[in-house]
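Chemist: Before anything else, here's the structure in question.
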Amino acid sequence: MIPEIEKLLNEQIKFEAKASAQYLSMASWADIRGYNGVADFFYTQSEEERVHMIKLVKFINERSGTAVIPSIEKPRDDFKSLMELFETFLTSEEFVTAKINNVIYECLQHKDYNVHNFMQWYVAEQLEEEAVARTLLDKLKIIGNDKSGHYLFDRDINTFQENK
Ligand code: OFO
């Protein structure tokens, strides 16, 4: 495996792990406040990010690289509203997308078409996740401070979760 690409993939492991920890923290925040639908949404998102991380770990190791399991700093848990929770979700997804785009760019620079091909799965995944995050944020903007709107949002959020 090309060392520069291996390094980038290992960094990507950390970004996926951070997203998984962040979404677990967000699930817990929602759980405590009685938003059970939102909590389930983020528990599932957290699991999905863990799957993305493991996929990278296995890919690196199978191609005679060395996957490094990173330590993760404490995720945010100080959200003031559902709106802030979902803004954080979108920001996190946009950050990961930018990092994936950078891996793709470097793959092309190094003519690593194998990893380039592998990363296409992540590109498609990010497109979907960003779209879900934007849709949910748009709904919250419509709802504003309406408490019954928040109730319905929490009740119906599972209809927006991707099926994988
Ligand atoms: Fe790993 O899929 Fe989003 O971040």
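The values are calculated or read from the model by the stated rules, or taken from the named source; none is laboratory data. These numbers come from a predicted model, not from an experiment. Note: ideal-geometry Cβ built from the backbone for every residue, glycine included; neighbour counts use all protein chains shown. Accessible surface areas use protein heavy atoms only, side chains included; no ligands, DNA or RNA. Shrake-Rupley method; radii C 1.70, N 1.55, O 1.52, S 1.80 Å.
Chemist: Less than 9 Å Cβ to Cβ from Met1, Lys/Arg counted +1 and Asp/Glu -1: what total charge do the surrounding residues give? Numbers along the way, then the final one.
Modeler: Working: positive: Arg63; negative: Glu6, Asp112.
Around Met1, the surrounding residues sum to -1.
Chemist: Which whole-Hz couplings ³J(HN,Hα) result when phi for each residue of segment 81-90 is put into the Karplus expression 6.51 cos²θ - 1.76 cosθ + 1.60, θ = phi - 60°, listed in order with x for Gly and Pro?
Modeler: 7, 4, 4, 5, 4, 7, 5, 5, 4, 5
Chemist: Still on this model: What net charge do the residues around His150 carry, taking every other residue with its C-beta under 14 Å from that of His150, with Lys and Arg at +1 and Asp and Glu at -1?
Modeler: Around His150, the charge tally is +2.
Chemist: Here's another thing I want to ask about it. Helix-derived [θ] at 222 nm for the chain: sum -39500 (n - 2.57) over DSSP H runs of at least 4, divide by residue count, nearest 500?
Modeler: -27500 deg cm²/dmol
Chemist: Apply the Kirkwood formula to segment 70-164: the hydrodynamic radius equals the inverse of the mean of 1/r over all pairs of different alpha-carbon atoms; give it in Å with one decimal. Don't jump to the answer; show the numbers that get you there.
Modeler: Values: mean 1/r = 0.0646 Å⁻¹.
Roughly 15.5 Å, rounded to one decimal.
Chemist: Out of residues 5 or more away from Ala67 or on other chains, whose amide H comes under 5 Å of its own, with H placed 1.01 Å from N in the peptide plane?
Modeler: HN-HN under 5 Å from Ala67: Asn61.
Chemist: How far apart, in nm, are the 7 Å Cα→Cβ label points at Asp156 and Asn102?
Modeler: Inter-label distance under the simple model: 3.8 nm.
Chemist: Once the whole set of protein chains is in place, how much accessible area is left on Ser25, using a 1.4 Å probe, in Å² to the nearest 10?
Modeler: Accessible surface of Ser25 is approximately 20 Å².
Chemist: Also: Taking the Cα atoms of segment 14-147, what is the range of coordinates along each of the three principal axes, in descending order and whole Å?
Modeler: 53, 27, 19
Chemist: List the trypsin sites (Lys or Arg not before Pro) in segment 47-81 that DSSP assigns to loop (not H, G, I, E or B) and whose Cβ has at most 12 other Cβ atoms within 10 Å. Which are they?
Modeler: Details: sites: Arg50, Lys55, Lys58, Arg63, Arg76, Lys80; in loops: Arg63, Arg76, Lys80.
Sparse-neighbourhood loop trypsin sites (Lys or Arg not before Pro): Lys80.
Chemist: Something else: Report, in debye and to the nearest 20, how large the dipole of the chain comes out about its Cα centre when Lys and Arg carry +1 and Asp and Glu carry -1 on their Cβ.
Modeler: 160
Chemist: Around Gly65, with a cut-off of 12 angstrom between Cβ atoms, what is the net charge of the other residues, counting Lys and Arg +1 and Asp and Glu -1?
Modeler: Values: positive: Lys7, Lys58, Arg63; negative: Glu4, Glu6, Glu62, Asp112.
Here the charged neighbours net out to -1.
Chemist: Of the options Gln126, Cys107, Phe79, report the single residue whose Cα projects farthest towards the positive end of the charge dipole of segment 76-127 (beta-carbon charges: Lys, Arg +1; Asp, Glu -1).
Modeler: So the residue we want is Cys107.
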